[in-house]
Every structure is written in structure tokens, then in C-alpha cells.
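The values are calculated or read from the model by the stated rules, or taken from the named source; none is laboratory data. Predicted, not measured: the structure shown is a model, and the values here were computed from it. Cβ: placed from backbone, ideal geometry, glycine included. Neighbour counts: every protein chain shown. The area values use the complete protein model at the heavy-atom level, side chains included, leaving out ligands, DNA and RNA. Shrake-Rupley method; radii C 1.70, N 1.55, O 1.52, S 1.80 Å.
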Amino acid sequence: MSDFSIGQLSRQTGVKIPTIRYYESIGMLDVPQRSDGGQRRYDGRHLEQLRFIRHGRDLGFGLDDLRALQDLSRQPERSCEAADRIARQQLADVERRLAGLRAVRLELKRMVAQCSHGVMDECRVIQTLSDHGLCDGDHHQLPQTPRKAG
């Protein structure tokens with residue numbers, strides 16, 4: 001099948017319909033043809049573009065970097081030095097985040113190990129969260145991950 005509705009494209013790529021429309025609106029995904037009834041109709045080129053974007057996002061690339069990589073991919077005779085530079089920067093960012101996560105892991109292990117399971121007034125977890133000075137390492141530079149109360 002070489003002609004897809006937006007729903008079919010969404011199912012094939014795992015990208016939600018509003019996200020597909022967003023990628024179109026910012027020029028990351030080529031504008032599709034419209035059927036006589038005005039429905040968007042996608043083809044294999046759109047499928048390939050969306051898979052590229054999705055995989056890049058899964059690897060943590062930002063949209064600006066993906067746009068640059070898309071532009072580079074349209075120049076097959078050009079050196080891949082620029083693409084390599086973007087990928088190396090992404091790798092460096094991942095390495096920094098991993099180092100930060102290791103620091104957080106160590107601090108959480110230390111905090112939990114010091115918990116005596118006594119009363120809240122003496123709780124090491126609460127004390128440590130209230131006073132960063134009780135921490136051993138520097139772990140405050142990590143981006144926050146939204147979490148639901150458990």
C-alpha cells in the first residue's frame with residue numbers, strides 16, 4: 001500500500017495524529033496531497049520521513065538537529081562531517097546525563113541506606129531532601145522528570 005490516511009500512518013509509525021500534524025506544520029514532514037474529499041493522503045516518502053523523525057526522537061535528538069540532519073540527507077554527495085558532528089554532540093549530551101544519573105543513583109542509595117525506619121522527625125530521607133548539604137555529591141543539574149505521587 002503506497003497511499004495512507006493519517007490514521008494508517010500513525011499506526012504504522014507509532015506517532016500520534018496530532019504529532020504528525022505538528023511535524024507538518026513546522027515543515028519536518030512534507031505536506032501531503034489531499035483526496036477529492038480533502039483528506040490528507042500520505043505515501044512512502046512520508047512514511048520514511050516520519051520513521052526518521054521518530055527514530056531520531058527515540059535517540060534523544062531535538063527537532064532542530066533532526067531538521068538539520070534531514071536537510072543534510074537531501075545532499076547525497078556532501079560530506080557527512082556535519083551529520084557526524086550532530087551525532088557526536090548528542091552522544092556527549094547523553095554521556096553527561098548518564099553521569100548525572102549515576103550521581104543521583106549513588107545519592108539515593110546513600111540516603112536510603114542511612115534511613116533507620118524510625119519516626120518522621122528523624123527520617124534521613126526527609127532530612128536529606130530538606131538540606132542539600134547532607135548530600136555527598138553534586139546532582140542538582142539534572143533535568144526534572146515529572147512523576148505522579150505514588
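Listed values, structure above:
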{"quantity": "Positive-end extreme of charge dipole, the chain - chosen from ILE126, SER79, SER10 (charges on Cβ)", "calculated": "SER10"}
{"quantity": "Extended-chain gain in nm, criterion 0.36 nm per residue less alpha-carbon gap, ASP131 and ARG67", "calculated": "18.8 nm"}
{"quantity": "Lys/Arg +1, Asp/Glu -1 at C-beta; the chain dipole; positive extreme among GLN114, GLY37, ALA99", "calculated": "GLY37"}
{"quantity": "Label point distance in nm, ALA83-ASP36, each placed 7 Å from Cα along Cα→Cβ", "calculated": "4.1 nm"}
{"quantity": "Region 23-121, accessible surface, carbon-and-sulfur percent (1.4 angstrom probe)", "calculated": "53 percent"}
{"quantity": "Cα-based convex hull volume of the chain per residue, rounded to whole Å³", "calculated": "166 Å³"}
{"quantity": "Calculated [θ] (222 nm, deg cm²/dmol) that DSSP helices of n ≥ 4 give over the chain, each run adding -39,500 (n - 2.57)", "calculated": "-18000 deg cm²/dmol"}
{"quantity": "Neighbour-limited loop hits for trypsin sites (Lys or Arg not before Pro), region 1-73 (at most 16 other Cβ within 10 Å; DSSP other than H, G, I, E, B)", "calculated": "LYS16"}
{"quantity": "Sites ILE17 and ARG74, calculated FRET efficiency, Cβ-Cβ separation with R0 35 Å, nearest 0.05", "calculated": "0.85"}
{"quantity": "Amide N proximity, region 21-44 versus ASP3 label position 7 Å along Cα-to-Cβ, cut-off under 17 Å", "calculated": "32-44"}
{"quantity": "With Cα atoms, 0 to 90° folded angle of helix 81-113 axis to the chain main axis", "calculated": "30 degrees"}
{"quantity": "FRET E, pair CYS123, GLU95, Förster distance 35 Å, beta-carbon r, rounded to 0.05", "calculated": "0.55"}
{"quantity": "Angle between the chain longest axis and helix 63-73 axis [Cα atoms, degrees, rounded to 10]", "calculated": "40 degrees"}
{"quantity": "Environment charge of PRO32, counting only residues whose C-beta is closer than 15 Å and scoring Lys/Arg +1, Asp/Glu -1", "calculated": "-1"}
{"quantity": "Prolate/oblate/rounded call for region 35-108, Cα gyration tensor, a/c under 1.5 rounded", "calculated": "oblate"}
